[in-house]
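The structure under discussion appears below in the form of structure tokens.
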Amino acid sequence: PGGLSHSIVSCFAEDSKGNLWIGTEGGGVNYWDRENDRYIYYTQENNSGVHSNMIKKLHYGDDGRLYISSFNGGMQVYDSERNAFVDIVSGGTSHLSLSVYDFVKEGRSGYWLSDPDSPLAFWNLKNGKVENVQLKYAGREVRPKIEAMFRNADGCLSLVTSQGLYELDPSGKIIDRRYLSDVPYAKNDLSCYC
């Protein structure tokens, strides 16, 4: 009682005061005020702006704001003045049915979006469109299950997938693949990174 709104935790982020934002798989976003040991809940049901209770990623951006992504809820950002989550695309554009498990910002142009059950997508902030990115490697189209993404030291986008690790340049072209050949499938089925 008085703790998390749901027991399955999918992600978390710590703010500058040491408080935790906790994403759950069914209970929305929980904010744990550690100093006062109290929780605030942001869910679909309490009009806090959260579009889905299945939170996939919480991340503080370069601008110091908290971004979230969710299953069938797209991407949102926390508005501290309104104490609510709002869509990050201006002009009322909404992607409520869009599932986003992971996201990585691409400069000022947009965000790379992943969902293991869908192709890699790019959210173009200039025109507001989300478009699937066709990936080709060695002349053939590939559709790996993307479990996670990160920007590597060279500035390339790395995709952690069911078919090894792919590296893309900023335009979305595959430039390298790390893969163990002649081994069981599971050896290349990657799910996370550190």
**Asked** Semi-axes of the chain's equivalent ellipsoid from the Cα gyration tensor, sqrt of 5 times each eigenvalue, largest first, rounded to whole Å?
**Response** 31, 19, 15
**Average Cα contact separation per residue, the stretch 128-194, under 8 Å, 6 or more apart, as relative contact order %** = 26
**Request:** Pop out the carbon and sulfur fraction of the accessible area of the chain as a percent, whole number, probe 1.4 Å.
**Result:** 47
**Burial ranking of peptide ranges 18-24, 105-111, 186-192 (average Cβ count within 10 Å, highest at the top)** = 18-24, 105-111, 186-192
**Prompt:** If you put +1 on each Lys and Arg Cβ and -1 on each Asp and Glu Cβ, how big is the dipole of the stretch 59-159 around its Cα centre, in Debye rounded to 20?
**Reply:** 280
**Asked** Where only protein heavy atoms count, and the probe is 1.4 Å, what is the accessible area per residue for the chain in Å²?
**Response** 56
**Complete:** If amide H atoms are modeled at 1.01 Å from N in the peptide plane, then the residues at a separation of 5 or more from Leu135, or on another chain, having amide H under 5 Å from its own are Val142
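The values are calculated or read from the model by the stated rules, or taken from the named source; none is laboratory data. All figures in this text were calculated on a predicted structure; none of them were measured in a lab. Because the Cβ atoms are built from the backbone with ideal geometry, glycine has one as well, and the counts that use them run over all protein chains shown. In case anyone asks, the SASA skips ligands and DNA or RNA and just uses the protein heavy atoms, side chains included. Shrake-Rupley method; radii C 1.70, N 1.55, O 1.52, S 1.80 Å.
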